[in-house]
1. Can you tell me which residue within the range 110-142, out of those that are surrounded by 17 or more Cβ atoms within 10 Å (Cβ to Cβ) and among the hydrophobic types (A, V, I, L, M, F, W, C), is nearest to the chain's Cα centre (by Cα)?
2. If you check I95, I40, which single one turns out to be more than 14 Å from A289 (Cα to Cα), at pLDDT 90 or above, surrounded by 11 or more Cβ atoms within 10 Å (Cβ to Cβ) and of a type in the set (A, V, I, L, M, F, W, C)?
3. Can you tell which of T173, T191, T195 is assigned to a loop (DSSP other than H, G, I, E, B), modelled with pLDDT of 85 or more and closer than 25 Å to S97 by Cβ?
4. Report whether or not I113 is in a helix (DSSP H, G or I) and within 24 Å of P220 (Cα to Cα).
5. Taking the criterion of being loosely packed, with under 14 Cβ neighbours inside 10 Å, assigned to a helix (DSSP H, G or I) and touching a residue at least 60 places away in the same chain (Cβ under 8 Å), would at least one residue in the range 57-77 satisfy it?
6. Search the range 42-53 for residues that are closer than 12 Å to V66 by Cα and of a type in the set (A, V, I, L, M) and pair each with any residue that is part of a helix (DSSP H, G or I) and at pLDDT below 85 when their beta-carbon atoms are under 9 Å apart and the residues are at least 6 apart or on different chains.
7. Give the range 198-219 a look and list any residue that's loosely packed, with under 12 Cβ neighbours inside 10 Å and either modelled with pLDDT under 85 or not in a helix (DSSP H, G or I) (or both), or say none.
Amino acid sequence: MTLKTLPSLPPSTEKLNFKKFLRSMWRQRWLYFLMAPTLIYFVVFKYGPLWNAQIAFKDFKPLLGVMGSPWVGFKHFETFINSFYFTELMTNTIIFSVAKLLLGLPIAVICAIALHETWLVKYRTFVQTMIYLPHFLSWVIMFGVLLVILSPGNGLLNAIIEKFGGEPIPFLTSPDYFRWVVILSDIWKETGWSTILYLAALLAISPDLYEAAAVDGATPLQRIWYISLPGILPVIVLVTLLRMGHILEAGFNQIFVLYSVPVYSVGDILDTWVYRQGVLQFQFSLATAVGFFKGAIGLVLIMVSNRIAKRLAQQSIY
């Protein structure tokens, strides 16, 4: 029995197809030009460094380089998983990420629907601007704002507590309050940006649907439940799936600026621990192994959540 192979294209046809491809690229040259900075960014800063990810499986020595360092297999992964800090770090990271997702998502959706339902255009524009303005402030500036509000010495909130006869609370250095400061400050800073995404999805819904529902006697709450929420469901699913891929990234910049030694037990996350181990103590292989671990868990979570969303909500990212 002989296998039949498909005939290959003659050289003249291959040259013709290549010329068509070049002409097509030339016609779309401005689109490629616009894409170039983004493509270069991802190649240089995202895909290029993947080559150095192999040091997670090596005992990296800077003098020997990436290729010259000896292989140690999963030694650094085992070191991290068996370390005293593993359970604490995973617990803190997951608590911060899940709490920000579960509390921030409904608040953003409610804000978007409230802005969409108002008839006062100037009021909507003003509120929309004010709630997403904190997104553009760095966490260093936000830390200064939080100090003005939460400082135990002369903070605004503690001044109110003392006025009513209470004792000042060290919100930023107390393990009992620090997690809530992190979660609520992140919601305050980022909810406005998420609101804009959901508001844009609401504005894309045809007004004819709302008019037809009003003619049929639907109440405002019924229009929200049967038109607005189903209309933005694909965006909600997409944002949630993308957040699931970063569930082990609880916000390094925020935690690094806000936390201190007294709250390490409730505030230390994977990224801050990696910073101390990898950058300050020069354990590059261990830090890379933790990053590899985070990436693998994120990939699994986003694939599982995508399958669940496709089955339950008929929405997915692929």
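The values are calculated or read from the model by the stated rules, or taken from the named source; none is laboratory data. Just so we're clear, the structure is a prediction, and the values are computed from it rather than from any experiment. Reconstructed Cβ throughout: ideal geometry from the backbone, glycine too, with neighbour counts over all protein chains shown.
1. Let us first name the residues in the range 110-142 that are surrounded by 17 or more Cβ atoms within 10 Å (Cβ to Cβ), namely 111-113, 115-116, 127-128, 131-132, 134, 139, 142.
If we keep only those that are among the hydrophobic types (A, V, I, L, M, F, W, C) as well, we get 111-113, 115, 127, 131, 139, 142.
Details: C111: 20, A112: 19, I113: 22, L115: 24, V127: 24, I131: 19, W139: 16, M142: 19 Å.
Only one residue fits best here, namely W139.
2. Working: I40 fails: surrounded by 11 or more Cβ atoms within 10 Å (Cβ to Cβ).
Among I95, I40, only I95 is more than 14 Å from A289 (Cα to Cα), at pLDDT 90 or above, surrounded by 11 or more Cβ atoms within 10 Å (Cβ to Cβ) and of a type in the set (A, V, I, L, M, F, W, C).
3. Details: T191 fails: assigned to a loop (DSSP other than H, G, I, E, B); T195 fails: assigned to a loop (DSSP other than H, G, I, E, B).
None of the others qualify; the one that does is T173.
4. Working: in a helix (DSSP H, G or I): yes; within 24 Å of P220 (Cα to Cα): yes.
Yes: the conditions hold for I113.
5. No; the residues of the range 57-77 include none that is loosely packed, with under 14 Cβ neighbours inside 10 Å, assigned to a helix (DSSP H, G or I) and touching a residue at least 60 places away in the same chain (Cβ under 8 Å).
6. From the range 42-53, the pairs are A53/G295.
7. Within the range 198-219, A204, S206, D216, G217, T219 meet the criteria.
For (1) touching a His at 6+ places or on another chain (Cβ under 6 Å); (2) over 16 Å from N92 (Cα atoms), each residue gets a yes or a no:
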{"site": "L241", "(1), (2)": "no, yes"}
{"site": "Y259", "(1), (2)": "no, no"}
{"site": "Y264", "(1), (2)": "no, no"}
{"site": "F282", "(1), (2)": "no, yes"}
{"site": "S285", "(1), (2)": "yes, yes"}
{"site": "G295", "(1), (2)": "no, yes"}
